[in-house]
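First comes the structure, then the notes that go with it.
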Amino acid sequence: FICQISGCSKTFRRKHSLLSHQRTHSDDKPFSCEFCSRPFARKHDMLRHRRMHTGHKPYPCEACGAGFYRTDARQRHYQAEPKC
């Protein structure tokens with residue numbers, strides 16, 4: 001399934017994933033942060049954002065113990081810190 005929005009070439013294996021993605025191109029943002037009211041198109045994006053308010057860092061570096069809100073942030077840490 002391919003996103004038909006001009007300038008977006010993302011592809012998805014499942015129609016549900018495409019439909020979820022397409023909401024990011026619209027003003028339809030049914031999920032909002034309970035702490036700051038920021039709206040989100042997708043629930044998982046709102047839940048990830050909420051961690052910044054709660055301080056929950058579920059992705060620790062196995063070498064040094066630093067905690068991260070997101071897996072991509074931990075991956076950047078691993079690349080920047082070769083010893084980790």
When both residues are 6+ apart or on different chains and their Cβ atoms are under 9 Å apart, which pairs have a first residue that lies in the range 1-24 and is loosely packed, with under 11 Cβ neighbours inside 10 Å, and a second that is among the small types (G, A, S)? I2/S9
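Quick grid of which residues meet (1) basic (K, R); (2) on the phi > 0 side of the Ramachandran plot; (3) in contact with a Phe, Trp or Tyr (Cβ under 7 Å, 6 or more places away or on another chain):
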| residue | (1), (2), (3) |
| --- | --- |
| I2 | no, no, no |
| S9 | no, no, no |
| R23 | yes, no, no |
| F31 | no, no, yes |
| S37 | no, yes, no |
| L47 | no, no, no |
Has the range 59-76 got at least one residue that is touching a helix residue (DSSP H, G or I) at 6+ places or on another chain (Cβ under 8 Å), part of a loop (DSSP other than H, G, I, E, B), at negative phi and hydrophobic (A, V, I, L, M, F, W, C)? yes
In the range 30-84, residues that are surrounded by 12 or more Cβ atoms within 10 Å (Cβ to Cβ) and in contact with a strand residue (DSSP E or B) (Cβ under 6 Å, 6 or more places away or on another chain) total 11
Failed item, numbered, when F35 is tested on (1) of a type outside the set (S, T, N, Q); (2) modelled with pLDDT of 95 or more; (3) assigned to a helix (DSSP H, G or I): (3)
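The values are calculated or read from the model by the stated rules, or taken from the named source; none is laboratory data. This one's a predicted model, so the numbers in the text were calculated from it and none came from an experiment. Neighbour counts run over all protein chains shown; Cβ positions are idealised from the backbone, glycine included.
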